[in-house]
Amino acid sequence: MEGILLHILGAIATFLLAFFVGMTYGGIRRKVIARVQNRYGPPIYQNFIDAFKLFSKTTAVHHGAMHLLGPAFLIVSAVMALMVVPVLRDNLWFTNLNFHGDLIFLIYIMVFGPLGMALGAGQTGNPNSAIGVTRGLSQMVGFEIPWVMALVAIMIKYNTTSIVDLMNIQNEVGQWLIFQNPFAFIAAILASLGMFRYAPFNIVGAPTELASGPASENGGKFLFTMMSAGSVFAFVKLTLFVDIFLGGASNLIVLVIKTFLLYMIPVLYGVVNPRYRTEQAVTYFWGWPLLFGFLAIIYSVYF
Amino acid sequence: MDYGIYQDKLTRIVTDIARSHSLWILAYGTGCGAIEVPATMTSRYDAERLGVRGAATPRQADVLMITGYLTVKTLKRVIRVYEQMQDPKYIIGFGSCAINGGMYWDSYNTIKQLDLYLPVDVYISGCMPRPEAVLEGFAKLQEQIRAGEARGATKYKENLDYYRGNQKKIIKNWDFPDYNW
Ligand code: SF4
């Protein structure tokens, strides 16, 4: 009984942590972009204000059941992914629901949310949403391949599909996976550029081009849900990278430092780049990231 | 004792502060004034530090900026855009053309006074207003929101017949669906 209670409390704590950290990182990102553009920029907590305002807006848009469910799909999949990723190493509070094979489960669940959102966006009948969805799916075809190849390389090498096992292996060997198989890390981090959908890969929600794509019919509370889901999901991805490649984190401060450094890669790559066209984005992922994916697999098989 | 009133009041104060510090604008780029919006948003004047930020669609926007003269043809679209926005919503009228017609006051196909057709919360005067004036306008709107006085949208709903009457007077081929919020 007590174990269950601890699990439930731990899950809530994890969600709050993910929400808070994700939102703050989003605020820092806006600040970084502003500084690069030689502006002062909004305060770091601006995202919280925006979220609160969005939540307090009325919502009178209704395009049918699927439209209402779209953002819900997003946040459900983000929370599901969060529950599978261990936040800290050897910690009672943040163990959550790890099981063998959760890496494979994650590969599936990470595309579940965007697909649900795609259905929802389809029902709004807005042409911008439809274009955004097709672009998003094409981009997904691009970055999923190097991403899965990087994970497969790791799975082959260590013969496990459990994130906790991977963390333990790294600690036993005393060397992070980023050094044991650098090619896998490079392929994964290049794929993560597409996963984060920051410039130059923000072709889905291109605000000036597609009027924010799938989100264009969603204001107020819908947008609040999507924003929270995005923040939680960003935290999930960063934590997953830390777990797999950087040996996990033993306390929250280490976690924040590691995730922040990782987060700066897509952010800084984004601020100095304009937006790609769809085919450019897809061919980008089928170029160098794919090559590094192959190298990673060859490296894990033969070395 | 009834704490409900205080609770309501506190909620209202907090939401109003949040709303005033997060204004997502939909710059409806009519007239010459649209050219001042990029200058206000970019590095020199940086409106984002006040929480002002561009929104992509009417559904996501809080503030509709009408940046100059409106032709009758455009007015129709602006009304449609305004009605698609979600409450609470505000309008900023920009430049003397929106206030009284400006130098287009005797033009054959622009409207003279925006206030007759849509409820304007803040006017920014000038032909065209400089970014400083635009920022001043935003500050004014923020003040109004915090004081709970930016009630343009409520006014519009309460006096819908009046506004509709004015709109229909000038838009000849009226083929709108009924307003549903
Ligand atoms: S007020 Fe002046 S600058 Fe603005 S739209 Fe009218 S004529 Fe142009």
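What follows is calculated from the coordinates using simple rules that are stated; it is not laboratory data. Quantities reported herein were computed from a predicted structural model and do not represent experimental measurements. When we count neighbours, we look across all protein chains shown, and the Cβ atoms used for this are built from the backbone with ideal geometry, even at glycine.
What area, in nm² and to one decimal, does the C-alpha convex hull of the protein assembly as shown cast on average over all directions?
Working: hull surface 105.3 nm².
With the hull built on Cα positions only, its mean projection is 26.3 nm².
Count Lys and Arg as plus one, Asp and Glu as minus one, and take only other residues whose Cβ is under 13 Å from that of B:Asn109; the net charge is then +3. Mind running the shape call on segment B:71-143? Use the C-alpha gyration tensor, a ≥ b ≥ c as the square roots of the eigenvalues: rounded below 1.5 for a/c, prolate if a/b tops b/c, oblate otherwise. Since a/c reaches 1.5 but b/c is at least a/b, the shape of segment B:71-143 is classed as oblate. Converting phi to 3J(HN,Hα) with the Karplus coefficients 6.51, -1.76 and 1.60 and the offset θ = phi - 60°, segment A:220-235 yields x, 5, 4, 5, 4, 4, 5, 5, 5, 4, x, 5, 4, 5, 4, 4 Hz in sequence order, with x at every glycine or proline. Modelled spin labels at A:Asn273 and A:Ala72, positioned 7 Å past Cα toward Cβ, are 3.6 nm from each other.
Check each of the chymotrypsin sites (Phe, Trp or Tyr not before Pro) in segment B:1-55 and keep only those in coil by DSSP with at most 11 other C-beta atoms within 10 angstrom; list them in order. Spell out each step's value before the answer.
Values: sites: B:Tyr3, B:Tyr6, B:Trp24, B:Tyr28, B:Tyr45; in loops: B:Tyr3, B:Tyr45.
Loop-located and lightly packed - B:Tyr3.
What you get for the protein assembly as shown, charging only the Cβ of Lys and Arg (+1) and of Asp and Glu (-1), is a dipole of about 1060 debye around the Cα centre.
Between amide H atoms placed 1.01 Å from N, distances below 5 Å from B:Val52 occur with B:Leu23, all of them 5 or more places distant or on a separate chain.
Sparsely packed loop sites in segment A:31-109 (the chymotrypsin sites (Phe, Trp or Tyr not before Pro) outside DSSP H, G, I, E and B with at most 16 other Cβ atoms within 10 Å) comprise A:Tyr40, A:Tyr45, A:Trp93, A:Phe99.
Across the options A:Thr225, A:Leu240, A:Pro207, the greatest Cα extent toward the positive end of the charge dipole of segment A:2-302 (unit charges at beta carbon of Lys, Arg, Asp, Glu) belongs to A:Pro207.
To the nearest 0.05, how large is the calculated FRET efficiency for B:Arg146 and A:Asn159 if R₀ is 35 Å and r is the Cβ-Cβ distance?
Numbers: r = 61 Å, r/R0 = 1.75.
That pair, B:Arg146 with A:Asn159, gives E of 0.05.
Distance between Cα centroids, segment A:121-138 to segment B:1-70: provide it in whole Å. Segment A:121-138 and segment B:1-70 have Cα centres separated by 27 Å.
Please state, as a whole number in µm²/s, the translational diffusion coefficient that the Stokes-Einstein equation yields for segment A:105-249 at 10 °C and 1.306 mPa s, with Rh defined as the Kirkwood radius across alpha carbon pairs.
Numbers: Rh = 16.4 Å.
Answer from the Stokes-Einstein relation: 97 µm²/s.
Looking at chain B, send over the antiparallel percent of its DSSP beta bridges, to the nearest 5. Could you put the intermediate results ahead of the total?
Values: 1 of 15 bridges.
Taking every DSSP beta bridge with both residues in chain B, the antiparallel ones total about 5 percent.
In the structure shown, do any of A:Lys31/B:Lys157; B:Lys89/B:Lys169; A:Lys53/A:Lys258; B:Lys140/B:Lys169; A:Lys57/A:Lys258; A:Lys31/A:Lys221 have a Cα-Cα gap over 27 Å, and if so which? Over 27 Å apart, Cα to Cα: A:Lys31/B:Lys157; A:Lys53/A:Lys258; B:Lys140/B:Lys169; A:Lys57/A:Lys258.
Placing +1 at every Lys and Arg Cβ and -1 at every Asp and Glu Cβ, with all other atoms neutral, what dipole size does segment B:8-170 have around its Cα centre, in debye to the nearest 20?
On the way: 22 positive and 17 negative charges, 98 e Å.
Approximately 460 debye in magnitude.
Loop sites by DSSP among the trypsin sites (Lys or Arg not before Pro) of chain B, restricted to those with at most 12 other Cβ atoms within 10 angstrom, leave B:45-171 as the longest stretch without any of them.
Is the shape of segment A:1-144 rounded, prolate or oblate, going by the alpha carbon gyration tensor and its root eigenvalues a ≥ b ≥ c, with a/c under 1.5 for rounded and a/b larger than b/c for prolate? Here segment A:1-144 falls in the oblate category.
With Cα atoms as the point set, segment B:8-170 shows a radius of gyration and Dmax of 15.2, 50 Å.
For the protein assembly as shown, what is the percent of antiparallel DSSP beta bridges, rounded to the nearest 5? Please list the in-between numbers first.
Values: 1 of 15 bridges.
Bridges in the protein assembly as shown are about 5 percent antiparallel.
With contacts taken as Cα pairs under 8 Å and at least 6 residues apart, segment B:13-89 reaches a relative contact order of 38 percent. Taking 51 Å as R0, compute the FRET efficiency from the Cβ-Cβ separation of B:Asp106 and A:Tyr302 and round it to 0.05. After rounding, the FRET efficiency stands at 0.05.
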